[in-house]
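Here is the structure we will look at, set down as structure tokens.
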Amino acid sequence: MRVYPEPLEIGDEEGFSTGKDIFGRKQLADGMSHLVATVEDPLVIAFDGQWGSGKTTFLKLWAGELRKNGYPVIFFDAFENDYIDDAFGALAREIVSIADEKAEPESGVAESFKEKAKHLGGVLLRGAAKVGVKAVVRVATGGLATGDEFKEIIKDAGGEVEDIAETYMEQILSRPKIQKEIIEKFRGALAELPGLICPPKIGEVQKPLIFIIDELDRCKPLFALSILERIKHFMSVRNVHYVLGVHLEQLQGSVRYAYGESINASAYLQKFINIVVVNSVDNEYESQSDLHRYARHLVDRLGVRERKDRSLEAAVEVVVRILKHEQMSYRTLERAFTTIALSLSLTPENRLLVSQIAGGLVAMKLLRLDLFKKAKMGTLELSEALEFLRISGKEQKKHKLEWEEKWWTYVLSEEISEDLNEYGRSVSFNYSIRRQDIIKYMANEVIDRIGPVR
């Protein structure tokens, strides 16, 4: 049995035909493909979902599907590149790379584009770097500026400018005619690039370049916003669409960090993003929810063996229900699943293990550590447990939770009815633990005996 699933390896041209589309998102991918193929105006699409919701997997599968269908595609991990001072150099480097890869060497396409990118990069950097700091300039241009370019950039560099928008305006206003020409040459070269590296077949229309930028919300705030601003001001051209893998709520936090809490972060981002696609598909059948699908995937990937009493299935069902209600991610389910699988597999068949209680305790450990600590000390109250587990009213009717409620009531009530007492005695276990100590025992001897580091 494995503890954590191995990272899913996805080849550049695998697409959705390799059995790795766990959540059945091909239809969504087809819709996005139709969108980028149909709309002529340059688009910035936000593929929105919280961290750990499968955005990267989807975008890599979609990128493979696009490549198989003849689209030029760039996949850029923004988080891995936010050490670069200016976003333009990082983005331009990726475009130069695909030009090097796809264009015929003798065509000079890559070199021509690189030259225009260097000139624009120099314009953007003047005044943004400290005089004499050559290493900063090299990093900020993503390695595009070398040799004589350094001398010119360093010579023209003024004081350090902290604000991104201020830096941009300073450069635009200093030599407007020359800089406008540089910008227009770069934009023109970028618009022509898709046709030069992936020319259309006879009778076909030109396929646009799809620039996928993943993990934007995990970047340093100023770098993330710099990417949006560079795209809008310099890289939004025909034949190029941008797709951002992002949690918009987190990105709004970056906006507030940069411009203050009073700014309307949502309205600010609307200036840069044309369309939002939400990475969520609600299924009317509870057992077909994404979390249920991923739980079944984890069973297969980790090689977990079910116990004779089917306790793994029952415990996971409890956790999935709670995580779904709390809108938690697949990463949270992975952590919960690891704790459940290890705890259950290492608990002998003849030891006390109430699966529904085990699932509830694991959810408490991940989401409400204060309640789990009470369970360990034997001070958890029934009302606290039932409120957290949502075993009441509509939830109980929807999920058929009567049996689960009976167990929690049996082990946490100070006094119980004769019927409930008979119920508890009717369930046979080989253990000699007082009813009132069952929760404490399971929290300490089953769940917390081994589990993920918090």
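What follows draws every value from the coordinates through simple rules; no lab data is involved. Worth saying up front: this structure is predicted, and the values here are computed from it rather than measured. Quick reminder, even Gly has a Cβ in these numbers, built from the backbone with ideal geometry, and neighbours come from all protein chains shown.
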Cβ-based exposure ranking for 403, 62, 51, in which fewest neighbours within 10 Å come first: 403, 51, 62
Sorted by packing (mean other beta-carbon atoms within 10 Å per residue), highest first, where do 63-76, 179-192, 328-341, 30-43 land? 328-341, 63-76, 179-192, 30-43
Per residue, the convex hull enclosing the alpha carbons of region 1-122 has a volume in Å³ of 161
Suppose each label sits 7 Å from its Cα in the direction of the beta carbon; what would the residue 177-residue 104 distance come out to in nanometres? 3.9
Could you work out how far the C-alpha centroid of region 211-236 sits from that of region 74-96, in angstrom? 9
Just list whichever of 180/220; 116/220; 406/440; 55/114 have alpha carbons separated by over 20 Å in the model shown. 180/220; 116/220; 55/114
